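Following: one structure in structure tokens, then a few remarks.
The values are calculated or read from the model by the stated rules, or taken from the named source; none is laboratory data. From a predicted model like this one, the values you see are computed outputs, not experimental measurements. Glycine gets a Cβ as well: all are built from the backbone with ideal geometry, and neighbour counts include every protein chain shown. Surface areas here come from the heavy atoms of the whole protein model, side chains and all, with no ligands, DNA or RNA. Shrake-Rupley method; radii C 1.70, N 1.55, O 1.52, S 1.80 Å.
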Amino acid sequence: IVEMSENVSISQEGNGKVSRVIRMGTRKSQLARIQTDSVAGRLKALYPDIGEKSLFTKELENALERNEVDIVVHSLKDLPTSLPPGFTIGAILQRENPHDAVVLHPKNAGLILNSLPEKSVIGTSSLRRAAQLKKRFPQLEFENIRGNLNTRLKKLDEKDDYAAIILAAAGLKRMGWESRISQILDPEDCMYAVGQGALAVEIRAQDKDILEMVSVLHHPDTVLRCVSERAFLKELEGGCSVPVAVHTEVKGSMLYFTGAVYSLDGADCLKDTMQTVVEIDKVNESAQECVHVGVTANNVSSSALEAAEKLGMDLANALLNRGAKDILTAARQLNDAQ
């Protein structure tokens with residue numbers, strides 16, 4: 001089934017003439033539209049003489065490839081670490097809160113996960129969340145819940161199947177539903193997914209005008225954290241079918257990275273922390289365009305990007321040397337069999 005998606009066009013005018021039309025592709029979900037509109041708003045603030053119109057197009061990367069759209073806005077966590085040939089991530093915007101949030105059934109208002117009755121059923125669509133939370137809260141039961149944010153909230157509120165559901169805090173905030181958040185899960189309870197909370201702008205790699213235009217949206221701290229996280233996942237050969245979790249932080253000139261892999265039931269876990277120096281304020285030393293795990297960031301220090309990518313790879317290899325491959329292979333096989 002090919003999902004239809006809306007295509008918002010932005011035309012930039014300068015010196016009395018239209019220089020080009022920027023066509024932005026988005027999926028039809030409410031969250032996808034909100035995310036795309038936020039990027040369009042940022043671009044319009046930077047390039048004031050722009051107008052907007054709406055079209056419809058088909059599957060997003062195909063539309064990019066066929067030159068039907070110029071920009072596609074994604075949740076970065078949904079983008080694979082290896083993009084198809086000819087595409088690149090031209091901008092990663094400042095990250096929202098990357099942590100997961102607990103949304104309670106109205107009857108459980110005022111509680112947190114630890115105070116819910118024993119055997120309460122918690123809904124989550126994520127193997128990563130389920131693996132960590134099963135280990136952390138063994139008195140609770142975890143079941144799959146499908147659908148977009150609207151659908152999952154409706155299932156929670158209108159039925160009695162779930163005591164609570166776990167969702168990304170960033171998505172709830174972008175939808176204006178922060179009031180539904182009962183608890184933000186800290187890293188000790190549940191580390192987040194690679195790229196979670198960050199928006200990515202995907203473009204054609206050869207479209208230098210568009211690259212230059214969107215690259216001003218790059219947020220250097222977020223770029224370095226996400227490049228490191230994506231390098232970690234790529235080195236592990238992980239994906240959404242295995243429980244891989246991360247926590248990154250930039251403090252001064254240091255990038256700190258904690259990464260972990262889990263069995264599906266959370267019983268087996270390998271976790272480690274590493275850090276590296278990243279000189280964010282250093283000017284880009286290379287005129288050469290460099291791509292790091294699908295991200296082109298010419299306005300971010302190339303030495304800092306290289307250090308961030310190496311950190312993610314080194315951390316992954318440290319876990320692989322301790323047996324992460326076996327845990328991930330078993331998790332993948334078990335998930336495929338279910």
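Using label points projected 7 Å from each Cα along Cα→Cβ, tell me how many nm separate Leu334 and Asp186, to one decimal.
Spacing of the two 7 Å Cα→Cβ label points: 2.8 nm.
Is the shape of region 203-253 best called rounded, prolate or oblate, per the rule: a/c under 1.5 gives rounded, else a/b larger than b/c gives prolate, else oblate, with a ≥ b ≥ c the square roots of the Cα gyration tensor eigenvalues? All intermediate terms of the calculation are to be shown ahead of the outcome.
Details: a/c = 3.38, a/b = 1.44, b/c = 2.35.
Oblate shape, in that a/c is at least 1.5 and b/c is the bigger or equal ratio.
Over the chain, with a Gaussian network built from C-alpha contacts below 10 Å, which listed residue (Arg23, Arg136, Arg66) shows the highest mean-square fluctuation?
Arg66
If r is the Cβ-Cβ distance from Lys28 to Thr273 and R0 is 35 Å, what FRET efficiency results, to the nearest 0.05?
0.30
Give the aspartates and glutamates reachable from Lys44 as a straight Cα distance under 17 Å; neighbours fewer than 8 places away on the same chain don't count.
Glu13, Glu52, Asp70, Asp209, Glu212
Any of Lys28/Lys77; Lys77/Lys154; Lys28/Lys159; Lys119/Lys159; Lys234/Lys271 with alpha carbons more than 21 Å apart? Name them for me.
Violating the 21 Å Cα-Cα cut-off are Lys77/Lys154; Lys28/Lys159.
Between Ser82 and Ala109, what is the FRET efficiency for a Förster distance of 45 Å, r being their Cβ-Cβ separation, to the nearest 0.05?
Working: r = 44 Å, r/R0 = 0.97.
FRET efficiency, Ser82 to Ala109: 0.55.
How much of the accessible area of the chain, in percent, comes from carbon and sulfur atoms when a 1.4 Å probe is used?
Ligands and nucleic acids excluded, carbon and sulfur reach 47 percent.
Consider a paramagnetic label point 7 Å from the Cα of Glu178 along Cα→Cβ; state which residues of region 98-132 have an amide N under 15 Å from it.
98-99, 101
Let me know the shape class of the chain, please: from the alpha-carbon gyration tensor, a ≥ b ≥ c as square roots of the eigenvalues, rounded when a/c is under 1.5, otherwise prolate if a/b is greater than b/c, or oblate. Before the final figure, lay out each step's value.
On the way: a/c = 1.96, a/b = 1.32, b/c = 1.48.
Since a/c reaches 1.5 but b/c is at least a/b, the shape of the chain is classed as oblate.
Label region 100-184 by shape, choosing from rounded, prolate and oblate, from the square roots a ≥ b ≥ c of the eigenvalues of the Cα gyration tensor; if a/c is under 1.5 it is rounded, and otherwise prolate applies when a/b is larger than b/c, oblate when it is not.
rounded
Less than 17 Å apart at the alpha-carbon level, and either on another chain or at least 8 residues along: which aspartates and glutamates does that give for Lys134?
Output for Lys134: Asp100, Glu118, Glu143, Asp186, Glu188, Asp189, Asp265, Asp268.
Just to be sure I understand: of the beta bridges DSSP finds with both ends in region 100-184, what percent are antiparallel, rounded to 5?
Roughly 60 percent of the beta bridges in region 100-184 run antiparallel, per DSSP.
From the phi of every residue in region 82-91, what ³J(HN,Hα) in whole Hz does the Karplus formula 6.51 cos²θ - 1.76 cosθ + 1.60 yield, where θ is phi - 60° and glycine or proline is x?
Values, residue by residue: 10, 7, x, x, x, 10, 8, 8, x, 7 Hz.
Any idea how far the Cα center of region 210-253 sits from the one of region 85-145, in Å?
If we compute the Cα centre of each part, the gap is 21 Å.
Please list, by residue number, every one of the trypsin sites (Lys or Arg not before Pro) in region 223-326 that is coil in DSSP and has at most 13 other beta-carbon atoms within 10 Å.
Here the trypsin sites (Lys or Arg not before Pro) that fit, given the DSSP loop and packing criteria, are Lys282.
Give me the dipole magnitude in Debye, nearest 20, for the chain about the Cα centre, with unit charges on the beta carbon: positive for Lys and Arg, negative for Asp and Glu.
640 debye
Which value, in Å² rounded to 10, gives the accessible area of Cys269 with a 1.4 Å probe and all protein chains present?
Number for this one is 50 Å².
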